[in-house]
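Notes follow once the structure below has been shown.
The values are calculated or read from the model by the stated rules, or taken from the named source; none is laboratory data. Note that this is a predicted model, so its numbers are computed, not measured. FYI the Cβ positions are ideal-geometry reconstructions off the backbone, even for glycines, and counts take in every protein chain you see.
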Amino acid sequence: MFRRATTLLRQPLMGATSRRFSTDLPAAPVEDSTFVEAWKKVSPNVEAPKTPLAYMKPRPATPTSLPSKLTVNFVLPYASELSAKEVDMVIVPATTGQMGVLPGHVATIAELKPGVLSVHEGNDVTKYFISSGFAFIHANSVADIIAVEAVPVDRIDVNLVQKGLQEFTQKLNSATTDLEKAEAQIGVDVHSALNSALTG
Amino acid sequence: MASAGGAAPFWRAAGMTYITYTNICANLVRNCLKEPFKAEAMSREKVHFSLSKWVDGKPEKPTIRSEGSEH
């Protein structure tokens, strides 16, 4: 789905009239000005109702100088693990390898593989094992990390991981159809990542 | 991520969608948790939905699917 996103970002702008990057945008408006003006023309005496935009927190502006902290939103389908937390750095397990994100990082969309997400704040490091997901890094130093399942590394049971790894390695060898091979491969990948998370 | 529209990831080449892939990953991770957390996580795995096919603008009898793990 997002496979072409990085190629699109890397291509030079095809003329100034094409879509501008979010680096050029100021903070998102709190009010929909065209709607308010149109309302005033029709009924100048009644105050315009608020649109959903007025209730939302505006997107922070892209600062011209490098911000000192990264704002991280780490969400799961059932809980919001970190919400607008200011940190120094996060290391995300992207499919292309461990990616460190500092404040002022270029806007990126990264697909995540099963692996360890570490959040660095001063001298504290919090590590979570993520099952897979995406990381959206915006030009205004806000990082949105979404995953289906994430657990602190100390909640993983090493025996179950070893058992699972053996089981799936066996399944991979005995798999026949493409789908079975893919499922077994996924099992091997996830369990090896869990293993390295426990040892590394 | 494979750029320039190159080789798809192995699961997509085998006909699996991203959602299926990510749900399988999540289930595998949940199965490897230590005890009290595992029980809580198992409750998150349950899906419960009712499916009905529509024929001629009218819904047929719905089937209820209530399962503990993927598919």
**Complete:** Residue pairs within 6 Å by beta carbon, gap of at least six or interchain, first lying in region A:143-159 and in contact (Cβ under 8 Å) with a residue 40 or more places away in the chain, second hydroxyl-bearing (Ser, Thr, Tyr), listed first then second, are A:Val148/A:Ser131; A:Val148/B:Thr22; A:Glu149/A:Ser131; A:Ala150/A:Tyr128
**Asked** Of all residues in region A:64-75, which are in contact (Cβ under 8 Å) with a residue 24 or more places away in the chain and more than 15 Å from A:Phe136 (Cβ to Cβ)?
**Response** A:Leu66, A:Pro67, A:Ser68, A:Lys69
**Message:** Here is a check on your reading of the model: is B:Ser66 at pLDDT below 75 and either at negative phi or not small (Gly, Ala, Ser) (or both)?
**Reply:** yes
**Asked** Looking at A:Thr177, A:Thr108, which is the one that is in contact with a strand residue (DSSP E or B) (Cβ under 6 Å, 6 or more places away or on another chain) and of a type in the set (S, T, N, Q)?
**Response** A:Thr108
**Request:** Would you be able to tell me the number of residues in region A:139-156 that are of a type in the set (Asp, Glu) and either crowded, with 18+ Cβ neighbours inside 10 Å or more than 16 Å from B:Lys38 (Cβ to Cβ) (or both)?
**Result:** 2
**Item:** Selected residue [away from chain B (no Cβ under 13 Å), of a type in the set (A, V, I, L, M, F, W, C) and within 17 Å of the chain's Cα centre (by Cα)] from A:Ile137, A:Ile146
**Value:** A:Ile137
**Prompt:** What are the residues in region A:149-176 that are within 11 Å of chain B (Cβ to nearest Cβ), assigned to a helix (DSSP H, G or I) and of a type in the set (Gly, Ala, Ser), if any?
**Reply:** A:Gly164
**Request:** Within region A:39-86, work out how many residues are out of contact with any helix residue (DSSP H, G or I) (no Cβ under 9 Å at 6 or more places or on another chain), more than 30 Å from B:Arg30 (Cα to Cα) and of a type in the set (Val, Ile, Thr).
**Result:** 2
**Asked** Would you say A:Val125 is of a type outside the set (Phe, Trp, Tyr), assigned to a strand (DSSP E or B), at pLDDT below 95 and crowded, with 16+ Cβ neighbours inside 10 Å?
**Response** no
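Rundown of residues vs (1) among the aliphatic types (A, V, I, L, M); (2) closer than 30 Å to B:Ile19 by Cα, yes/no style:
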residue	(1), (2)
A:Ala61	yes, no
A:Met89	yes, yes
A:Gly104	no, no
A:Ala107	yes, yes
**Message:** Yes or no: region A:177-191 includes at least one residue that is away from every other protein chain (no Cβ under 11 Å), acidic (Asp, Glu) and surrounded by fewer than 19 Cβ atoms within 10 Å (Cβ to Cβ).
**Reply:** no
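Yes or no, residue by residue, for (1) of a type in the set (Phe, Trp, Tyr); (2) at pLDDT 85 or above:
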| site | (1), (2) |
| --- | --- |
| B:Ser3 | no, no |
| B:Tyr18 | yes, yes |
| B:Thr22 | no, yes |
| B:Arg44 | no, no |
